[in-house]
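Note sheet for the following structure.
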Amino acid sequence: MNAPAVLKAQGLVKQFGGITATDNVNLELRLGARHALIGPNGAGKTTLINLFTGVLPPTSGHIELLGEDISQLAPYLRVRRGMVRTFQINQLFASMTPLQTLAMVVSQQRGLGGRWWSVLGQDQAVVERCEALLELFRLTEVMHQRTEYLAYGKRRLLEMAIALACEPKVLLLDEPVAGVPAGEREELLQTVAALPADVSVLLIEHDMDLVFEFADRITVLVNGAVLTEGTPQAIAADPQVKAVYLGHGEEVAHG
Amino acid sequence: MAELLKVESLSAGYGEAVVLNDVSLSLGEGETLALLGRNGTGKTTLMDTLAGATRQHGGQIILGGQALHTLPSHERAAAGIGWVPQERNIFKSLTVHENLTAVARPGRAGHASRPWSPERVYEMFPRLAERKTNLGTQLSGGEQQMLAVGRALVLNPRLLLLDEPLEGLAPIIVEELLRAIARITREEGLSAIIVEQHPQAILKISHRAVVLDHGNVVHASDAETLRENPELLDSLLGVARKL
Amino acid sequence: QDKFKIGLILPMTGPFASTGKQIEAAARLYMAQNGDMVAGKKVELIVKDDTSAADVTKRLAQEMVVNEKVSVLAGFGLTPLAFATAPIATQSKTPMVVMAAATSSITQASPFIVRTSFTLPQAAVAIADWAPNNGIKKVVTLVSDYGPGIDAEKYFKDRLTFNGGQVLDTLRVPMRNPDFAPFLQKVRDLKPDAVYVFVPSGAGAALMKQFAERGMDKAGIKLIGTGDITDDDILNSMGDVANGVVTSHHYSASHNSPLNKKFVAAFEKANNGLRPNFMAVGGYDGMRVIYEAAKTTKGAGGQALLDAMKGQVFESPRGPMFIDAQTRDVVHNIYIRKVEKVNGQLYNQEFATLKDVKDPGKAR
Amino acid sequence: MDARQQLLASARIRGWEPLVWLVAFVLPFAFPGHALIVNEVAIVALFAVSLDLVLGYTGIVSLGHAAFLGFGAYAAALFAKHVMPDPLAGLIFGTFCATLLGAVCSLTILRGTDLTRLMVTLGMALILMELANKLDWLTGGSDGLQGVMMGPVLGRFEFDLYGQTAAWYSLTVLLILFALARRWVNSPWGATLMAVRDNPLRAMAIGIPVHNRLAVVYTVAAALAGAAGALMAQTTGFASLDVFALERSADVMLMLVIGGVGWLYGGVVGAVVFKLMHDVISGITPQYWTFWIGLFLVVLVMVGRERLIRPWLWFGRAADQKGGAQ
Amino acid sequence: MLTILFDGIAYGMLLFILAVGLSVTMGLMNFINLAHGAFAMAGGYLTVVLMQRWDVPFLWCLPLAFVGAALLGALLERTLYRHMYRKPHLDQVLFSIGLTFMSVASMDYFMGSQQQIMQLPEWLRGRTELWDGALGMGHYRLFIIAVCAALTVGLQFILAKTRFGSRLRASVDDARVAAGLGIRVNLVFAATFAVGSGLAGLGGALGAEVLGLDPTFPLKFMVYFLIVVAVGGTSSITGPLWAALLLGIADVAGKYYMPKLGSFIVYSLMIAILIWRPQGLFVRKGGR
Ligand SMILES: Nc1ncnc2c1ncn2[C@@H]1O[C@H](COP(=O)(O)OP(=O)(O)OP(=O)(O)O)[C@@H](O)[C@H]1O
Ligand SMILES: Nc1ncnc2c1ncn2[C@@H]1O[C@H](COP(=O)(O)OP(=O)(O)OP(=O)(O)O)[C@@H](O)[C@H]1O
Ligand SMILES: [Mg+2]
Ligand SMILES: [Mg+2]
């Protein structure tokens, strides 16, 4: 466990009025990690991602990405430095088709986003990449439909496809498979797990089967603060975690 | 057990597009039905149709002897439907408390147990009580899910429509909620239809199961049959193993 | 060609719609009274709405000249619209009869422009002559902040100062202005003998009400102005607040002449009891000028028609008037009037006359 | 259809397009008596296309777009009066000035709701109008700016009374700027605009500098509006305060919405429909034409643009989407 | 100067009365109703006609103007507006501008294009001077302030203390789901719209005296309505009230002390505020 940290939070605090949603969090995401973040509802997981990506400004604390302090950096610049996220609640482009969406993202990613004289889709490499992504996420058959008319599950997939199209170095996934049928979830997460070894992933998920299968390290967040961190085995056995999060049911997950 | 809901050759969709063709099912009082199916097979459409939020093309919906399909959406709630939409649809400019009080209805007469009120919802989800004055948009995903369930309960319905209610909830809350649903259906005679991506989780507390594919019922039985027969379930859900 | 076409461009919609209505009604009245044949040609009136936009007005004028082959362009409610159209008149040698717009310099924009309405300096100067002789020495001016208003302010101020009076302050009210309170309060605090007002006719009523409401009359401040504020169009419904206000103008519906009585009666009859105002008389006389000129030229247009307009001398409902051959501008009497109740109706009663007032804007 | 074709389809020039433009250019020749209205339509069409860039492609509502039209108009008119009468130089100058103004104003529309943007833009236009009124030594105040004499276009084509030169001049400028704008919105850059409009939060999360995009589009739109204003001042040889008026901004918005936002031709179609209808109806009833235009707008919205153009849809699928809360 | 302050408050209250109906339809219902001024005009003309033709006392005219405009609003809501709620904002703009155009032309046709002037009863016409004229209050302006204060309290009560307010906002947030949860969305909308129109009518009846009344009223004052609602924020009743007061006082004081700056003041103030607080000055905490 001595890979260098790619994403680091130091003393991160976020308050909404009287509510402390993030309470002095220190967290390190190491290079190539498959890291999971779990915790009860309202523990502050999404808030943490919002702080990382700059959607919310922190009340105090620092964020470091690849050795650089990015606490004050504009959100889009953080993306350009390789940190990409998905959203717990779909954030899609309602009037575009999946194909257009991905073509736009891929062009943007490949530095063609500033070009105004060529036409979207002119670049063969971009189109090929889009087709591959559509295939991977089983969106090929609906690639011409407006996003707003897609079934929920398909939209969920598109949500992930967009993030991957950004070719992230650090990927933050906020409950990416919620709404995807049980059978397909594992495969989907395998796709993520199979990303190149230098891509680091932080996953938020409530489906414990998936988490334990996916993660090599787990952090538990409760009431905005880190409760504990450790290997999946250690976490699964931790009585504290059981009490506040996993529950004492006959089985760990509801799968 | 007396029959509560009867759906007959229902077809419905959005605009001119027909998503459901000829769906029939029935459900007894105090029974729970697991509604299963792959992505995009029309589960949500069926739930929304029962709640009156799609365009119905034909067929009948009878709830406790009363024809629902002729009623406008808002009167179906009065007739006893409590709806938890898939995307939660929390009213974003209302606080948690207002989300509950805006729709709350008094309990039905002749009901033994204590009617659902915002207070009772807070007891079930203490987390919501702590966030009483937050606006809808200022809730975490799971909190929104709890609120959506609570909001359906304060309608004091006879039939609860839960569209993927467990999605995004912590395991401990999931357990809690499943237990609560089981208890409510048992003790208060409430019926429920639950859509879920984790069939095993709900089959355990369900009495009956229906599988949809391409807008048609491809399987209907008691829950037990599917629970004991995972291969059948897998083949019905066409669980894909490629990718 | 056996038609004699007159292109009438007016504000038919928007805040100045009543101007357009008055003029159109007066023009039609003139045609009804004098027949629609002139010099053997049938007179055709083409009315267009200027929509208060300069480019549209110019285009309409140009189209009427090019497509309809009108002999005369007429109307023009607002100064900039007249200015925008002036080059068309020059280029196409079509006489352009201004029936409403009152800024002094309009007639200089093209040698083909003739005006039958009035100029604001004419009215402003008249009241500036009258005031000092009637105990009004210290005055605050209150005008709408646009061309005619500034004209009204400037000529009044110069003449009053020349006559030994004093202008304490010059206030300009923005065009979009719902409430006169701060301006009136300012006037009140300056304690002048009178406040001199020019605002477009609709706003005048509101202003006068607020004037009375503020107790200005009781504080010893008089209200004087050009006739726009006691516009005959709405004067009667203004009620007591207008009673006693002294203004100067070239036309009052109560002008005492047989011609005017006949004109007012006919106008009211044709328009549902609507009282003609100074706009109407501008349109009426404009038609007269056009008709007579066309008779002289036997229906020919262009330079000849223009020449036949210049120098016309005639009796108008407003009193005697003529078109100055040099400036092509109107010369007429300006009357000092006071609002009074006659048979239960409010009228501007003329009580003093300044004879044959030329536009002072051209005198220098 | 494969993915690539599908993507390129929206940018492809369709068969009817050259035809339409050809007809437009022939019109002033075929009907010289109507060249003037062709000119006016071309100018407002350019103005509407400019608004479409901000409204249709980024969703920013602006009720003060006339600020740029007016600024371009005054700049071009003053240039002709004081510097040189050459139209092209004036056009470039007017466009340039409006671009600068647009760049400055773009800072004000980056945040806020529809309503706030509506009001901020409107406020800008009204302030400019007041300024032009107060600076009467320069602008002629409310009398309008007179004494603008235009030279011939390219040193050869004089502006004639029929307005043919004006029409061709404006049409040419419209065509060129339209083609550029079209190319632009179909580029990868343009696609990011749609993303920004649909969901700025997500756009930011995929690395699009949202504020920068909005500012650039707004500035470019201001340039187009300025060009339209310059054309207007040049072809009428006049500029007055009404170029800044709220009615201009409102009318152009109406035109654009009539033609449909977000496909550039919407502005052109809207301009043609609105102007022609206005001209015809106000010719018939100069006093009450607003009633009929109003009725048209109401019917248009009630029936739906699609179904008005293609009446056979009346009997087809009702256009409501997920909904039907009855 | 107390008088200037008083005039500013009165002017602000007048703006508020005219705009409050709009902040109901636009702010609470999220419907861009540019035809708001048309309802105000209807109320104004109704008052004029009642007073001039039937000699109805002014005080009676006010509730009648409210009811008349509300009925008109309800009628139009049932027939036309309700099809518009789910359309995009731009279509709403088009539609409501269309209605405004129609109302302007119709009023012109039926009532003529000249200014309408009404005569106030004697007791509203006077003026009270206090402290040697340091504070002068027109009675009519006092009356406006009183009516306005009463209205604010009443509306605020309805919205804050009854379920109606939250049901309305729920219906606006998501009509489909609100209906599915038993809220009578149609009724809620119709009632709200009628009240909004009624308030506009009342505003028109009260405002015609100061602002004047002619068929272009809806267009002429549209900007003012919008400014108030934009600056005040669209999520409450008190927001527009404070905004109207602020703008009213700033405008009157500005024109008094710096008449040369004329109308720059209001517009600049508005822009400055909106850039500083893009959601409006007074928004519900954290909400939108
Ligand atoms: N804008 C806000 N204003 C006030 N409170 C907020 C706001 N946003 C979030 N919160 C509160 O902060 C807490 C943390 O929320 P967050 O969304 O981070 O939770 P989470 O861990 O992602 O939960 P879940 O698993 O349910 O998604 C919640 O209790 C929520 O109510
Ligand atoms: N608003 C809409 N307009 C048109 N078609 C729609 C709309 N919403 C959904 N559909 C279509 O209806 C079909 C069924 O969708 P539905 O949401 O009912 O599926 P589902 O079974 O709930 O799927 P999921 O498991 O993803 O939630 C899909 O093919 C979808 O594309
Ligand atoms: Mg979360
Ligand atoms: Mg679903």
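Overview of values
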| item | result |
| --- | --- |
| Rounded Å value of the spacing that divides the Cα centres of the range B:82-161 and the range C:60-81 | 69 |
| Per-selection Kirkwood Rh - the range A:90-167 (Cα, Å, 1 d.p.) | 12.4 |
| A:Asn223 versus D:Asp136: modelled label distance in nm, points set 7 Å from Cα along the beta carbon direction | 7.2 |
| The range E:2-276 shape via C-alpha gyration tensor axes, a/c threshold 1.5 | prolate |
| From phi via Karplus (6.51, -1.76, 1.60), per-residue ³J(HN,Hα) for the range C:140-156 in Hz, x at Gly/Pro | 10, 9, 9, 10, 6, 7, 8, x, x, x, 5, 4, 4, 5, 5, 6, 5 |
| Protection proxy ranking, peptides C:32-45, A:139-152, average beta carbon neighbours within 10 Å, highest first | A:139-152, C:32-45 |
| Number of partner chain Cβ atoms within 10 Å, mean per residue of E:204-213 | 3 |
| Kirkwood hydrodynamic radius of the range B:3-237, from inverse mean 1/r over distinct Cα pairs, in Å | 17.9 |
| Karplus (6.51, -1.76, 1.60) ³J(HN,Hα), θ = phi - 60°, over the range D:274-290, in Hz, Gly and Pro reported as x | 5, 5, 5, 4, 4, 4, 5, 5, 6, x, 6, 9, x, 8, 10, 4, 4 |
| Fraction in percent of alpha-carbon pairs per bin - 5 Å, the range C:9-86 | 3, 16, 25, 23, 18, 11, 4, 0 |
| The range C:76-150: mean projected area of Cα convex hull, nm² | 5.4 |
| Angle in degrees between helix B:141-153 and the longest Cα principal axis of chain B, rounded to the nearest 10 | 90 |
| The range D:242-287 versus the range A:166-234: alpha-carbon centroid distance in Å | 55 |
| For C:Asp356, residues with placed amide H under 5 Å, excluding near neighbours | C:Asn333, C:Ile334 |
| Estimated [θ] at 222 nm from DSSP helical runs (n ≥ 4, -39500 (n - 2.57)) normalised by residues in the protein assembly as shown, nearest 500 | -15500 deg cm²/dmol |
| Under-5 Å amide H pairs with C:Val245, H placed in peptide plane, nonlocal only | C:Val339 |
| Per residue Cα convex hull volume in Å³ - calculated over the protein assembly as shown | 184 |
| For the range E:240-283 versus the range E:97-174, the gap between their alpha-carbon centres in whole angstrom | 20 |
| Cβ crowding within 10 Å averaged over residues, with C:265-274, C:208-217 ranked highest first | C:208-217, C:265-274 |
| Backbone HN-Hα couplings from phi across the range D:61-73 [Karplus 6.51/-1.76/1.60, Hz, Gly and Pro as x] | 7, 10, 10, x, 5, 4, 3, 7, 4, x, 5, x, 5 |
| Proportion of all alpha-carbon pairs of chain D beyond 27 Å (%) | 47 |
| Counting all C-alpha pairs of the range A:134-255, share separated by more than 22 Å (%) | 42 |
| 10 Å Cβ neighbours from other chains, averaged over peptide D:40-46 | 1 |
| Summed residue charge, Cβ within 14 Å of A:Arg129's Cβ, Lys/Arg positive, Asp/Glu negative | -3 |
| For D:Val54, net neighbour charge (Lys/Arg +1, Asp/Glu -1) across residues whose Cβ lies under 13 Å away | +1 |
| Residue-averaged beta-carbon neighbours from other chains (10 angstrom radius) around C:182-192 | 4 |
| Rounded to 10°, Cα long-axis angle of helix E:2-22 versus longest principal axis of chain E | 20 |
| Degrees between helix B:171-188 axis and first principal axis of chain B (Cα, 0 to 90, nearest 10) | 80 |
| Sequence ranges C:129-139, D:188-198, ranked by mean other-Cβ count within 10 angstrom, highest first | D:188-198, C:129-139 |
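A short reminder: the numbers here are calculations on the coordinates, not readings from a lab. Because the structure is a prediction, the values reported are computed rather than measured. All Cβ positions, glycine included, derive from the backbone under ideal geometry; neighbour counts span all protein chains shown.
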